[in-house]
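Report on one structure; see the data block that follows.
The values are calculated or read from the model by the stated rules, or taken from the named source; none is laboratory data. None of these values were measured; they are calculated from a predicted model. Note that each Cβ is placed from the backbone with ideal geometry, even for glycine, and that neighbours are counted across all protein chains shown. With ligands, DNA and RNA removed, areas are computed over all heavy atoms of the protein, side chains included. Shrake-Rupley method; radii C 1.70, N 1.55, O 1.52, S 1.80 Å.
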Amino acid sequence: MPNTTTPGKTSTSPPRQLDSGPVNEWLASAHPSPNTARTEWSSAARLALIPLGRRFEAIRLPEDIVHSAVQSNEPFTVGAWLARNLRGPVIHDPGFRRYYALVPVGTHQAWSQRGTECLSNGTYLGVPRTDRAELDAETLASYWLVPVTRPGHLCKAATVLEAVLLARVLADEDES
């Protein structure tokens, strides 16, 4: 059951204390102008548009694929499953019903899974400030479902692929 912290905001992951300084700096360094990222994180939106392909790429996963793999759409359950199985940072964009698994640069060269896309050079991703780790039911803004735990620590493409393939197998079983 989610842990409600304030009206309209629901905690979706187990509480953890992170030293966000190095993580924020690493994320900001993905932007050609790190100060721009820091300024954007200071805005009301607490999101910075970060160009992909420099420090990391992102695999865009529709909610239905993730929820099928997890066999749940409950945020705490989804977050715990993704943390355990992908072992890397995941952003949830509830407004557009998508998840973004951050993966190493170069992943896009081999990624070809139907219904998903590996985003890289030429794409900007709305990256939440590291302390934005809760669903805001009023704004439906992107947040860290699985936070970055240390600079450079990303999901492995193979573990994301396993989750996508699991979702397909489970979806096929449901249709049988």
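Could you work out the helix-only [θ] at 222 nm for the chain, with each DSSP H run of four or more residues adding -39,500 (n - 2.57) and the total divided by the number of residues, to the nearest 500 deg cm²/dmol?
Numbers: 5 runs with 57 residues, N = 176.
After summing the helix terms and dividing by the residues of the chain, the value is -10000 deg cm²/dmol.
If E25, E63 are ordered by their accessible area, calculated over protein heavy atoms with a 1.4 Å probe, which sequence runs from highest to lowest?
E25, E63
What value in Å³ per residue do you get for the convex hull of the alpha-carbon atoms in the range 19-167?
It is 98 Å³ per residue.
For the pair S33 and E138, what calculated FRET efficiency results from E = 1/(1 + (r/R0)^6), where r is the Cβ-Cβ distance and R0 = 30 Å, to the nearest 0.05?
E between E138 and S33, to the nearest 0.05, is 0.50.
Using each residue's phi in the range 55-68, evaluate 6.51 cos²θ - 1.76 cosθ + 1.60 at θ = phi - 60° and report the 3J(HN,Hα) Karplus result to the nearest Hz, with x for Gly and Pro.
Residue by residue, the range 55-68 yields 10, 7, 10, 9, 8, 8, 10, x, 3, 4, 5, 5, 5, 5 Hz.
Determine the order of H108, H153 by accessible area, beginning with the largest, at a probe radius of 1.4 Å.
Accessible-area ranking of H108, H153, largest first: H108, H153.
In a solvent-free Debye calculation with one equal scatterer on each Cα, what is log10 I(q)/I(0) for the range 69-155 at q = 0.24 Å⁻¹, listed in the order of the q values?
-1.44
Could you calculate the contour length gain from Q109 to L166, that is, 0.36 nm times the residue separation minus the distance between their Cα atoms, to one decimal place in nm? Walk me through the numbers before you get to the answer.
Working: separation 57, 0.36 × 57 = 20.52 nm, distance 2.20 nm.
Stretched out fully, the Q109 to L166 stretch lengthens by 18.3 nm.
Along the Cα-to-Cβ line of N121, 7 Å from the Cα, sits a label point; which residues in the range 24-63 have backbone N less than 11 Å from it?
53-54
Using 7 Å Cα-to-Cβ label points, what is the A45/T149 separation (nm, one decimal)?
Calculated label separation equals 3.0 nm.
Counting only heavy atoms of protein chains, what accessible area per residue, in Å², does the range 35-117 have with a probe of 1.4 Å? Write down the numbers at each step before the final one.
On the way: 3930 Å² over 83 residues.
Result: 47 Å² per residue.
When the Kirkwood hydrodynamic radius is evaluated over all pairs of different C-alpha atoms of the range 30-92, what value in angstrom, to one decimal, is obtained?
Kirkwood hydrodynamic radius for the range 30-92: 13.7 Å.
Can you work out ³J(HN,Hα) from phi for every residue in the range 91-99, in order, using Karplus 6.51 cos²θ - 1.76 cosθ + 1.60 and θ = phi - 60°, giving whole Hz and x for Gly and Pro?
9, 10, 10, x, x, 9, 6, 9, 10
Might you report the magnitude of the Cβ-based charge dipole of the chain about its Cα centre, with Lys and Arg at +1 and Asp and Glu at -1, to the nearest 20 debye?
Result for the chain is approximately 620 debye, rounded to the nearest 20.
Apply the Karplus parameterisation 6.51 cos²θ - 1.76 cosθ + 1.60, with θ equal to phi minus 60°, to every residue of the range 122-135 and state each ³J(HN,Hα) to the nearest whole Hz, in sequence, with x for glycine and proline.
Calculated HN-Hα couplings, in order: x, 10, 10, 10, x, 9, x, 4, 4, 8, 8, 10, 9, 5 Hz.
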